[in-house]
Amino acid sequence: MAETLRRVLNSGGAAGSGEENTAEAEPPLLLLGGHGSGKTALLFAAALEAAGEGRGPVLFLTRRPLQSLPRRIGAALEPLRLQKIRFQYPPSTRELLQLLCSAHETRGPAPSLLLLDGLEEYLTEDPGSQEAAYLAALLLDTAAHFSHRVGSGRGCGLIVALQTQEEGDSATALQLALLQRYFPAQCWLQPDAPGPGQHCLRACLEPGGLGARAEWRVTFRQDGEMTVTPWPTQAGDTSLHKSSSSGGQP
């Protein structure tokens, strides 16, 4: 789902024109960043983008309800778009697994996009690589099932947000390396020098072989307003790419 996130970032955080996306299903994407890096805001913006494409609803899974909606995601906060986002709050790994395993029993239109916020919270109960692999495989299987129901070669996209930890945590690095095998497309969020009253990030999108790598500066003001501008790239600047390839926090 790299192109969905690319459209969000290219439009400065506003949802797109609402035109239907007829492209075939894209590789699942892993959204990576530290605590408070804006992962939830970008996930919600992606949900609004997909909700405006004229396809099926969007399924947004998270452990607890959002405290507030990100501001200035544009004209996007339209009631019809919001109504197409289905929030579900599995409170534990067991409930999340039950929800995913019962996906084939759900009635109504199949989701066009499946989002999971806070994957790390569902892995703390059993931080081993086996649990991470099982959950990742089940997420992919659920998206594949929805894709079969959606049909027409468009499928159901999958974006999962994971909080990265400090470098040097070997268990976390192993877990992340395993997840990257299931999610060939990735978007890394790295803190950038903030301005007065701002929280700034550098977003690097690596689409997993489909399309070019791209970077943006994402800025959050104290009132929650989000703006996005292209990253001023310089020749030979590969710092974020190198750190993301190492499997640690960028």
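The values are calculated or read from the model by the stated rules, or taken from the named source; none is laboratory data. Keep in mind that what you see is a predicted model, and the values were worked out from it rather than measured. Every residue, glycine among them, receives a Cβ derived from its backbone with ideal geometry; neighbour counts consider all protein chains shown. These area figures cover heavy atoms from the full protein model, side chains too; ligands, DNA and RNA do not enter into them. Shrake-Rupley method; radii C 1.70, N 1.55, O 1.52, S 1.80 Å.
Odds and ends about this structure:
Per-residue answers, yes or no, for (1) modelled with pLDDT of 85 or more; (2) over 19 Å from the mean Cα position of the chain (by Cα); (3) not in a loop (DSSP other than H, G, I, E, B):
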residue	(1), (2), (3)
Leu178	yes, no, yes
Trp188	yes, no, yes
Leu201	yes, no, yes
Gly208	no, no, no
Thr219	yes, no, yes
Gln234	no, yes, no
His241	no, no, yes
Ser244	no, no, yes
Gly247	no, no, no
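- Taken over region 133-152, residues that are open to solvent by less than 30 Å² (accessible area, probe 1.4 Å) and at pLDDT below 85 amount to 1.
- Within region 120-132, the residues that satisfy the criterion of being open to solvent by 70 Å² or more (accessible area, probe 1.4 Å) and either in contact with a Cys (Cβ under 9 Å, 6 or more places away or on another chain) or part of a loop (DSSP other than H, G, I, E, B) (or both) are Thr124, Glu125, Asp126, Pro127.
- Considering Gly155, Gly128, Gly118, the condition of being among the small types (Gly, Ala, Ser), modelled with pLDDT under 90 and closer than 17 Å to Leu59 by Cβ is satisfied by Gly155 alone.
- Summed over region 82-119, the residues that are within 19 Å of Asp141 (Cα to Cα), in a helix (DSSP H, G or I) and either open to solvent by 10 Å² or more (accessible area, probe 1.4 Å) or in contact (Cβ under 8 Å) with a residue 40 or more places away in the chain (or both) give a count of 12.
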